[in-house]
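Visitor: Could you have a look at this structure, given as structure tokens, before my questions?
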Amino acid sequence: MKAVAVDIDGTITDKNRKICVNAINALRKAEDAGYPVILVTGNVLCTAKMVSTMLGTSGGIVCENGGVVYTTKRNLILGDVKKCSPAYELLKSQYDVEKTEFSDLRLSEIAIKRTIDVNTVKKTVKNFDVVVYDTKFAIHITDPLVNKGKSLKIVAEDMSITTDEILAIGDSENDLEFLEVAGFKVAVSNADDELKENTDYVTKKAYGDGAAEAIEKFILNK
Ligand SMILES: O=C(O)COP(=O)(O)O
Ligand SMILES: [Mg+2]
């Protein structure tokens, strides 16, 4: 492996999005050992960039579920939010939905609070050209042409590595695509069943402690 790619919410944090100290330490040690860390998240760029700065990660950043890519070589908006708006407007006309905070900073997709069942969202917008993810922290209405996996490939290219040289760690359905392209796939123990069924390793510990467990086991203690 040459790099580590981690989801943020539910993977290096706890269930309330509070970052886990063990995950911070493991990520710092991975960087110090020469394994750049890539953040791959549904969060907006300014949130992800601040997490990257505070963690000291040196790999690129995939945000908005692949809709936005940030590397030392380029900053790309790949998702088309114009595909997502009509779906959101229909939802809003039928249900009491609310965008997540800082929605004006979201460039390539629309994220709403989990005040509505995700299956109701998926049913309501089924005729629109969108993909809906429930990350357990928000519901995202996204451009089907982008996802975390496709954008991780762009980041890997800018880092002169291939995605099969990356160890990837995630917790929910919006992580499926980036784990799929990674060389070693890890689901934390709190992950969705669908993610756990498609991985090389499921951690014994949950949330950020699980991410730390996998980094120590497969990167630091190799
Ligand atoms: O933005 C979200 O809803 C979840 O973010 P994540 O992809 O880092 O888990
Ligand atoms: Mg997550």
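Derivation of every value follows stated rules applied to the coordinates shown; laboratory data play no part. The structure displayed is predicted, hence computed values, not measured ones. Quick reminder, even Gly has a Cβ in these numbers, built from the backbone with ideal geometry, and neighbours come from all protein chains shown.
Visitor: What value, in deg cm²/dmol to 500, does the helix sum -39500 (n - 2.57) over DSSP H runs of n ≥ 4 give at 222 nm once divided by the residues of the chain?
Guide: Values: 8 runs with 74 residues, N = 222.
Counting only the DSSP helices, I get -9500 deg cm²/dmol.
Visitor: Evaluate the distance, in nm, between pseudo-label points positioned 7 Å from the Cα of Arg114 and of Gln94 along their respective Cα→Cβ axes.
Guide: With each label placed 7 Å out from Cα toward Cβ, I get 2.2 nm.
Visitor: Pull out the extension gain between Ile24 and Phe102, defined as 0.36 nm times the separation in residues minus the alpha carbon to alpha carbon distance; nm, one decimal.
Guide: Result for the pair: 25.6 nm of gain on full extension.
Visitor: In the neighborhood of Lys83, defined by Cβ-to-Cβ distances under 10 Å, what is the net charge if each Lys or Arg adds +1 and each Asp or Glu adds -1? It would help to have the intermediate numbers written out before the result.
Guide: Working: positive: Lys82; negative: Asp80, Glu109, Asp129, Asp143.
Net local charge, Lys83 excluded: -3.
Visitor: What length, rounded to one decimal in nm, is gained on full extension from Asp158 through to Lys15, with 0.36 nm per residue of separation minus their alpha-carbon distance? Mind showing how you got there, number by number?
Guide: Values: separation 143, 0.36 × 143 = 51.48 nm, distance 3.21 nm.
Working it through step by step, the gained length comes to 48.3 nm.
Visitor: Please work out whether the stretch 81-142 counts as rounded, prolate or oblate from its C-alpha gyration tensor, where a ≥ b ≥ c are the square roots of the eigenvalues and a/c under 1.5 means rounded, while otherwise a/b larger than b/c means prolate and anything else oblate? Show your work: numbers first, answer last.
Guide: Values: a/c = 1.37, a/b = 1.10, b/c = 1.24.
Rounded shape, in that the Cα axes give a/c under 1.5.
Visitor: Related question: Can you list residues whose amide H is under 5 Å from Leu78's amide H, if they're 5+ apart or on another chain and H is modeled 1.01 Å from N?
Guide: Amide H neighbours of Leu78: Val68, Val69.
Visitor: Net charge around Ala23, counting only other residues with Cβ within less than 10 Å of its Cβ (Lys, Arg = +1; Asp, Glu = -1)?
Guide: Working: positive: Arg28; negative: Asp14, Asp209, Glu213.
Here the count lands on -2.
Visitor: Moving to a separate point now. What are the residues whose amide H is under 5 Å from the amide H of Thr13, where those residues sit 5 or more places off or on another chain and H is modelled from the backbone?
Guide: Cys20, Gly208
Visitor: Something else about it: Out of residues 5 or more away from Val40 or on other chains, whose amide H comes under 5 Å of its own, with H placed 1.01 Å from N in the peptide plane?
Guide: So Val40 has HN proximity to Val6, Asp7, Ile8, Val62.
Visitor: I've got another one for you. In nm, what is the difference between 0.36 nm times the number of residues separating Lys126 and Lys150 and their Cα-Cα distance?
Guide: On the way: separation 24, 0.36 × 24 = 8.64 nm, distance 2.27 nm.
Using 0.36 nm per residue and subtracting the Cα-Cα distance, I get 6.4 nm.
Visitor: Tell me, what ³J(HN,Hα) does each residue in the stretch 181-190 have, in order and in whole Hz, if you take phi through Karplus 6.51 cos²θ - 1.76 cosθ + 1.60 with θ = phi - 60° and put x for Gly and Pro?
Guide: Couplings: 8, 7, x, 9, 9, 10, 10, 6, 5, 8 Hz.
Visitor: Tell me, how many Å apart are the Cα centres for the stretch 174-206 and for the stretch 58-73?
Guide: The two parts, judged by their Cα centres, are 20 Å apart.
Visitor: With θ taken as phi - 60° and the coefficients 6.51, -1.76 and 1.60, list the Karplus ³J(HN,Hα) couplings across the stretch 76-85 in order, rounded to whole Hz; mark glycine and proline as x.
Guide: For the stretch 76-85, the Karplus curve yields 10, 9, 9, x, 9, 5, 5, 6, 8, 4 Hz.
Visitor: While we're here: Have a look at the DSSP beta bridges in the chain and tell me what percent are antiparallel, nearest 5. Don't jump to the answer; show the numbers that get you there.
Guide: On the way: 15 of 30 bridges.
Roughly 50 percent of the beta bridges in the chain run antiparallel, per DSSP.
Visitor: Additional query: Where does each of 89-98, 106-115, 123-132 land if you order them by average Cβ count within 10 Å, highest first? Before the final figure, lay out the partial values.
Guide: Values: 89-98: 13.2, 106-115: 19.8, 123-132: 16.3.
Descending mean neighbour count gives 106-115, 123-132, 89-98.
Visitor: Let me ask something else about it. With a cut-off of 8 Å between alpha carbons and a minimum separation of six or more residues, what is the relative contact order of the stretch 81-142 in percent?
Guide: Details: 86 pairs, mean separation 25.0, N = 62.
Result for the stretch 81-142 is 40 percent.
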